[in-house]
Structures are given as structure tokens and as C-alpha cells.
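Worksheet: the structure to be examined is printed underneath.
The values are calculated or read from the model by the stated rules, or taken from the named source; none is laboratory data. All values derive from a computational prediction rather than experimental measurement. Glycine gets a Cβ as well: all are built from the backbone with ideal geometry, and neighbour counts include every protein chain shown. Each accessible area value is taken on the protein alone, full model and side chains, heavy atoms only, with ligands, DNA and RNA left out. Shrake-Rupley method; radii C 1.70, N 1.55, O 1.52, S 1.80 Å.
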Amino acid sequence: ELTCRSDKYILNRKIPKELYQGLCNHVFGDAGCGIDLALFTYAGVVSAIDATGTLITVTGFGSLPKSLRSGWFDQGNAVRAILDHTGSTVRLMSPISGLTVGAACSGVAGCAHTYPACSGYNNVPNFAGFDLIPLINPFDGTTSLA
């Protein structure tokens, strides 16, 4: 008797959600994280757009209490990931077609998924990473910073 199973059979087993890693496993703002993103959403007005359409200067983003880095930029129905945030300028992952100076927009803060970042949001009880992973492997003495 030969029993054969397709490659889809492997998907029947439970795949672990949590990984042993230093960074938090939650998506920022999901139910496990518990952060209310409405508290970290900031409104502004586009005041400049560079030639590539990815560097956007927004009045109102200059002195925010939280960085928008790793968050997202929302303008109407268009949403883009924010790769960097310096002062009142954000760098988007890709340009938004039809974005114009004077357009109303909003930015949602991001999270670095580290213990200090979680602490900055006063959300340490929900931190799902392992910030105390040793840097030196106790079995062979190698470092994880290679």
C-alpha cells in the first residue's frame, strides 16, 4: 500500500505565528499590537513635490511627536509606504499619480518593531519580540553581527 500526498498537504499543519527574533512580530496597529492608529494619524497639506514624486514636503509634518518612518501616507484613495521622514519631508515608496501641491493628506506614524520603539509608544506589555537574544552564540562562540 502506497499513500501519496500532494504538496498542499503540508499546509494542513499549524504554522507557528511567533518567531524567535529580536523584532516585534505584530503588525503596527493590529489587534495583537493594540495601538490605536487614530491617535498617531496626522493631517497636513502638500507644499512641495520633487521631480520623482517620491519626496513630498507637507505643512504640518515638521514637528510631530512620532516619526512617520515605516508608516504610510494617505491622500484620498491613494496610500503609500513612507520610507523616511525628516522634518516636514517624507520619502514615499512610489509616487502618487495626480498628487498636487495644496492637496490635503495625512500621515500615519510607523514603528521600528524594537523594544525601545514599543516603549516609546508605552506599549511594552504587547511587545512580541525577544529583545534579549544573546549576540554571541553560546554553542560555537560566533557573533550574530557578521
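How many residues are in a loop (DSSP other than H, G, I, E, B), open to solvent by 60 Å² or more (accessible area, probe 1.4 Å) and among the aliphatic types (A, V, I, L, M) when one looks only at the stretch 127-146?
Looking only at the stretch 127-146, we keep the residues that are in a loop (DSSP other than H, G, I, E, B), and these are 127-135, 137-142, 144-146.
Checking the rest, the ones that are also open to solvent by 60 Å² or more (accessible area, probe 1.4 Å) come to 130-132, 134-135, 138-140, 142, 144-146.
Narrowing the set further to residues that are among the aliphatic types (A, V, I, L, M) leaves 132, 135, 145-146.
Qualifying residue count, the stretch 127-146: 4.
Go through the stretch 91-102 and give me each residue that's modelled with pLDDT of 95 or more and either more than 15 Å from residue 45 (Cα to Cα) or touching an Asp or Glu at 6+ places or on another chain (Cβ under 7 Å) (or both).
Of everything in the stretch 91-102, those that are modelled with pLDDT of 95 or more and either more than 15 Å from residue 45 (Cα to Cα) or touching an Asp or Glu at 6+ places or on another chain (Cβ under 7 Å) (or both) turn out to be 91, 92, 93, 94, 95.
Write out, first by first residue and then by second, each pair whose Cβ atoms fall under 6 Å of each other, whose residues are 6+ apart or on separate chains, and whose first residue, in the stretch 49-77, is over 10 Å from residue 106 (Cβ atoms) while the second is at pLDDT 95 or above and open to solvent by 70 Å² or more (accessible area, probe 1.4 Å).
54/91; 55/91
May I ask you to verify whether residue 43 is among the aliphatic types (A, V, I, L, M), touching a Ser or Thr at 6+ places or on another chain (Cβ under 9 Å), within 30 Å of residue 106 (Cβ to Cβ) and not in a helix (DSSP H, G or I)? Break it down into steps so the answer makes sense when it comes.
Numbers: among the aliphatic types (A, V, I, L, M): yes; touching a Ser or Thr at 6+ places or on another chain (Cβ under 9 Å): yes; within 30 Å of residue 106 (Cβ to Cβ): yes; not in a helix (DSSP H, G or I): yes.
Criteria met by residue 43.
Just checking, does the stretch 3-13 include any residue being surrounded by 13 or more Cβ atoms within 10 Å (Cβ to Cβ) and of a type outside the set (S, T, N, Q)?
Applying the first criterion (surrounded by 13 or more Cβ atoms within 10 Å (Cβ to Cβ)) to the stretch 3-13 yields none.
No, there is no match, as no residue in the stretch 3-13 is surrounded by 13 or more Cβ atoms within 10 Å (Cβ to Cβ) and of a type outside the set (S, T, N, Q).
Yes/no per residue for (1) part of a loop (DSSP other than H, G, I, E, B); (2) polar (S, T, N, Q):
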{"residue": "56", "(1), (2)": "no, no"}
{"residue": "61", "(1), (2)": "yes, no"}
{"residue": "65", "(1), (2)": "yes, no"}
{"residue": "82", "(1), (2)": "no, no"}
{"residue": "101", "(1), (2)": "yes, no"}
{"residue": "112", "(1), (2)": "yes, no"}
{"residue": "122", "(1), (2)": "yes, yes"}
{"residue": "125", "(1), (2)": "no, no"}
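What are the residues in the stretch 28-69 that are open to solvent by 40 Å² or more (accessible area, probe 1.4 Å) and in contact with a Pro (Cβ under 9 Å, 6 or more places away or on another chain), if any?
Matches in the stretch 28-69: 34, 49, 52.
Let me spell it out: the conditions are (1) closer than 22 Å to residue 126 by Cβ; (2) in contact with a Gly (Cβ under 7 Å, 6 or more places away or on another chain); (3) open to solvent by 50 Å² or more (accessible area, probe 1.4 Å), and residue 22 meets all of them except one. Which number is the exception?
For residue 22, the exception is condition (3).
Is it true that some residue in the stretch 70-91 is open to solvent by 30 Å² or more (accessible area, probe 1.4 Å) and aromatic (Phe, Trp, Tyr)?
Restricting attention to the stretch 70-91, the residues satisfying the condition of being open to solvent by 30 Å² or more (accessible area, probe 1.4 Å) are 70, 72, 74-77, 79-81, 83-89, 91.
Of the ones still in play, those that are also aromatic (Phe, Trp, Tyr) are 72.
Yes: one or more hits.
Return yes or no: is residue 108 under 19 Å from residue 29 (Cβ atoms) and either open to solvent by 50 Å² or more (accessible area, probe 1.4 Å) or touching a strand residue (DSSP E or B) at 6+ places or on another chain (Cβ under 7 Å) (or both)?
Values: under 19 Å from residue 29 (Cβ atoms): yes; either open to solvent by 50 Å² or more (accessible area, probe 1.4 Å) or touching a strand residue (DSSP E or B) at 6+ places or on another chain (Cβ under 7 Å) (or both): yes.
Yes.
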